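The values are calculated or read from the model by the stated rules, or taken from the named source; none is laboratory data. Please read all numbers here as calculations on a predicted model, not as lab measurements. Reconstructed Cβ throughout: ideal geometry from the backbone, glycine too, with neighbour counts over all protein chains shown. Side chains included, ligands, DNA and RNA excluded: accessible areas come from the protein's heavy atoms. Shrake-Rupley method; radii C 1.70, N 1.55, O 1.52, S 1.80 Å.
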Amino acid sequence: MGSPTLENPRAAAARLLARIQRQDAYANLVLASAELSAAQAPLITELVYGVTRMRRALDHLIDPYVAKTPDITTHNLLRVGVYQIHIMNTPVYAAVDQTVAAAPAHQRGFVNAVLRRVADTTPVWPSEAVRLSYPDWIVQCLESDLGTAQAHGALQQMNQPPPVTVREDGYVQDIASQWVADLVKVQPAERVLDMCAGPGGKATAIARCGNAEVVAADSRPHRAALVADNARRTATPLVGIVAADGCHSPFLPASFDHVLIDAPCSGLGVLGRRADARWRISPTDVTALAKLQAELINAAFGLVRGGGTVVYSVCTMTAAETIAIDELVATQHPDACAIEVTDNRWRKRSRGAQLLPQDHNTDGMFVVRYRAPHK
C-alpha cells in the first residue's frame, strides 16, 4: 500500500482558519485537535497562527482587489497566500502556485489574480495599528503607557513566533514567568500561597527551587485541576491545591510567609503566544480586571505574616494593571515597603519592574514586591 495523500498545507490552514472564524474558537485548541502530520505541522501551524495575528494587515492588502468579500474559505486562502508573500517572504511563484492549487477549481482564477496583484503592490499603511495588525485601542493604550517607540517595539516583537522554553522538569514555561517565580525568594520550610495558581507553572517552580511549602489556589476548579495535573507530571510536591476565591480566602490571616498574586489580566504581554487574544480583549476588560487585581492584592496583605512578602505580577503592560495598582497599594497599605528588584534583566517601572517583549524575547511582564508591615 502507498502512503496516504497529504492535504495541501495551504488548504488545511485555510480550513482550520475558517473553523476558528465560524466557531469563534481558540487557534491553539483548533490546532491541537487537528491531528496534523509531523511533516506538515510546522508550516500549517505557522500559517494558522500567523494569519490569525496578522489578519488586519493582510485584509488591508487584499481589500483593494476584491469587489466583495469572498466566501470564508477563499478569503482565508487569500490571507494564507498574502501572508506567505509579505510576511514569510516566500518566493511569489511558490506562494501563488501552491495557494491556487489549494483553491476550489472555480475560484482558482480569482485567487491567482488577487495574489499576483498583491504581490506587485508595495504596502502603504494608513496607521501603525494596521501595519502591526492590532486593534486601534491596544496600540493607542500602549503608546500612551509606554511611549511610542517602546510600544511599537513590543507590538512588533509579539508578531514573531515566540520561543519555547522547557524547564529541567519538562514543564514548558516562558522564561519571564520563571524569573517571576525566582523573585518570590523563598527559604526552605517557608509557606507560600500562590493565590491565582492555574495552570501551576509558578507554583511548581517555587516549590522546586526553594523546598518551600507551597499552597496553590485558583478560583476556577478546572484551573485548580490543571495545577494538580502539572504537579503530578513534574513530580513536584505541593502542600495543598485548593479551588478558592482569592478575594474571599478560606485561609487564616497571617498564615503565609509569602503570597504571590499572579493576577488575571488583559494578557497584552503574551499576544505573541496567544494569537487570537488581540481580537478578543477590550478596553472594558482592562477596567474590570484592574478592579479584580486591586481586590486580590488587598486580600493578599491579610494573609501574609508581618515581615513577609507580597509579590504581584501580571503578564501585561497597561498602566492601569501595573503602576496604577502599585499606586493603590501605596495609598491603602502605606506601611508596606516596596522591595527594589535588583536583577538587571528587568526595567525599573515605578516601584516595581517590567520586562518588555523586545528586551529578552520573552513575554511582557510586570512585577512588584512588598514587605508586609509587622502587625
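Miscellaneous remarks
- Residue count for segment 223-249, restricted to those that are open to solvent by 30 Å² or more (accessible area, probe 1.4 Å), within 23 Å of ALA290 (Cα to Cα) and in contact with a strand residue (DSSP E or B) (Cβ under 7 Å, 6 or more places away or on another chain): 1
- Any chance LEU260 is crowded, with 24+ Cβ neighbours inside 10 Å, aliphatic (A, V, I, L, M) and assigned to a strand (DSSP E or B): yes
- Residue in segment 290-310 that is among the β-branched types (Val, Ile, Thr) and under 20 Å from LEU356 (Cα atoms) present: no
- Members of segment 98-126 found to be part of a helix (DSSP H, G or I), within 35 Å of the chain's Cα centre (by Cα) and exposed (fewer than 14 other Cβ atoms within 10 Å of the Cβ), listed by number: ALA101
- Filtering segment 354-361 for residues that are of a type outside the set (D, E, K, R) and over 21 Å from ALA181 (Cα atoms) leaves an empty set.
- All positions within segment 226-259 that are over 15 Å from GLY198 (Cβ atoms), in contact with a Ser or Thr (Cβ under 9 Å, 6 or more places away or on another chain) and aliphatic (A, V, I, L, M): VAL259
- Matching residues in segment 20-58 - criterion: being basic (Lys, Arg) and either exposed (fewer than 15 other Cβ atoms within 10 Å of the Cβ) or more than 22 Å from ASN159 (Cα to Cα) (or both): ARG22
- Some residue of segment 287-310 being open to solvent by less than 60 Å² (accessible area, probe 1.4 Å), within 23 Å of GLN187 (Cβ to Cβ) and touching a Ser or Thr at 6+ places or on another chain (Cβ under 7 Å): yes
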